[in-house]
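Enquirer: This is the structure I have questions about; it appears just below.
The values are calculated or read from the model by the stated rules, or taken from the named source; none is laboratory data. The shown structure was predicted, so the numbers you read here are calculated from the model rather than taken from an experiment. All Cβ positions, even for glycine, are placed from backbone atoms using ideal geometry, and neighbour counts span all protein chains on display.
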Amino acid sequence: MQTSPSTQIVNVGGFDIGGPHFTVIAGPCSIESRDQFLQTALGVKASGAHILRGGIWKMRTSTRDFQGLGTDSFNLIKEVCQQTGLSLISEVTDIRQIEEIYDLVGGFQVGARNMHNYSLLKELGMQKKPVLLKRGFAALINEWIKASEYITKGGNPNVILCERGIRTFETATRNTLDLNAVVYAKQNSPLPVIVDPSHAVGISSLVPQLAYAAAAAGADGIIVEVHPRPSEALSDGMQALTLADFDTMMKKLSRILTAVDRPLHKGTLYAN
Ligand code: PEP
Ligand code: MN
């Protein structure tokens, strides 16, 4: 088991990702409304999350599905980040969006569908802000690691690798969490590696178990989808934890992390 810190430590919103402590990023799949985003942010913070997630522009399989609030969410993001003190990580799907949200976010996310978008990666390599690079759902581990080098070699060392499940022959779950990739990437890349159990499994009741497995396997953190009312979510409601489920998960996660000598960051409710 590899639980040692990464060579490259990436600071987002005051929290070192890849250092001795475990990082929890949580929030909704998409930013939908003031009520939904503020309630989620306050709730996940109270349960010990360190960084907020939330999609501004959503890459949906169908054009008929909710595409995100886009620029209409900007004032809301400012308000919620200011009120909670949490930093936001949000996905960019186009190089023009980098500048648009630069001052609103603590880090950029590259989604699974864009892992091979090398012009986007190169542009992010010219920025100073951290980049969370999701693994493509059909990408080899080494393709993912090589993709990260488009950012690091461009001059931005602040990259976090994120395993979010790959497509296999299995259909019972949305994807298959590849824990091999987590331990392999930890040993073969200098970058921190986190796990997205939400997109990996796609079923909310299974998300906590995969989060615990990620923690035990030596991941540097997790990114988890949470919604105050998952049945009303405009995207990925099936995999969203309720605020109560997130709170329960955080308590157990904290105990598992103590057992593997990788405590949650200090300054959060359940940190040890
Ligand atoms: C997301 O984080 O909401 C998302 C779209 O993830 P992925 O790119 O892993 O599908
Ligand atoms: Mn999602």
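Enquirer: Spot the failing condition for Phe22; the list is (1) more than 16 Å from ligand 2 (Cβ to nearest atom); (2) surrounded by fewer than 17 Cβ atoms within 10 Å (Cβ to Cβ), and only one is missed.
Expert: The single condition Phe22 does not satisfy is (2).
Enquirer: If we scan the stretch 239-246, do we find a residue that is outside any loop (DSSP other than H, G, I, E, B), out of contact with any helix residue (DSSP H, G or I) (no Cβ under 8 Å at 6 or more places or on another chain) and either more than 15 Å from ligand 1 (Cβ to nearest atom) or touching a residue at least 12 places away in the same chain (Cβ under 8 Å) (or both)?
Expert: Checked the stretch 239-246: at least one residue is outside any loop (DSSP other than H, G, I, E, B), out of contact with any helix residue (DSSP H, G or I) (no Cβ under 8 Å at 6 or more places or on another chain) and either more than 15 Å from ligand 1 (Cβ to nearest atom) or touching a residue at least 12 places away in the same chain (Cβ under 8 Å) (or both).
Enquirer: Would you please list the contacts, defined by Cβ atoms under 7 Å and residues six or more apart or on different chains, that run from a residue in the stretch 111-128 that is polar (S, T, N, Q) to a residue that is assigned to a loop (DSSP other than H, G, I, E, B)?
Expert: Asn114/Thr93; Gln127/Asn156
Enquirer: Taking the criterion of being among the acidic types (Asp, Glu) and either closer than 24 Å to Lys58 by Cβ or at pLDDT below 95 (or both), would at least one residue in the stretch 208-221 satisfy it? So that I can check it myself, show each step before the final result.
Expert: Keep residues of the stretch 208-221 that are among the acidic types (Asp, Glu), which gives 220.
When the remaining residues are screened for being either closer than 24 Å to Lys58 by Cβ or at pLDDT below 95 (or both), the result is none.
The answer is no, given that none of the residues of the stretch 208-221 is among the acidic types (Asp, Glu) and either closer than 24 Å to Lys58 by Cβ or at pLDDT below 95 (or both).
Enquirer: Being farther than 20 Å from Met250 by Cα and of a type in the set (Ser, Thr, Tyr) is the filter; apply it to the stretch 36-68 and report the residue that is nearest to ligand 1 (Cβ to nearest atom). If you could, list the steps in order and put the result at the bottom.
Expert: Initial filter on the stretch 36-68 (farther than 20 Å from Met250 by Cα): 36, 55-68.
Subset that is of a type in the set (Ser, Thr, Tyr): 61-63.
Working: Thr61: 10, Ser62: 14, Thr63: 15 Å.
Among residues in the stretch 36-68 that are farther than 20 Å from Met250 by Cα and of a type in the set (Ser, Thr, Tyr), the one nearest to ligand 1 (Cβ to nearest atom) is Thr61.
Enquirer: I'd like to check which strands (runs of 3 or more DSSP E) are fully inside the stretch 1-86 and have at least 1 residues that are free of Cβ contacts under 8 Å to residues at least 60 places away in the same chain and either touching a Gly at 6+ places or on another chain (Cβ under 7 Å) or under 19 Å from Ser231 (Cα atoms) (or both).
Expert: Passing ranges, in order: 51-53.
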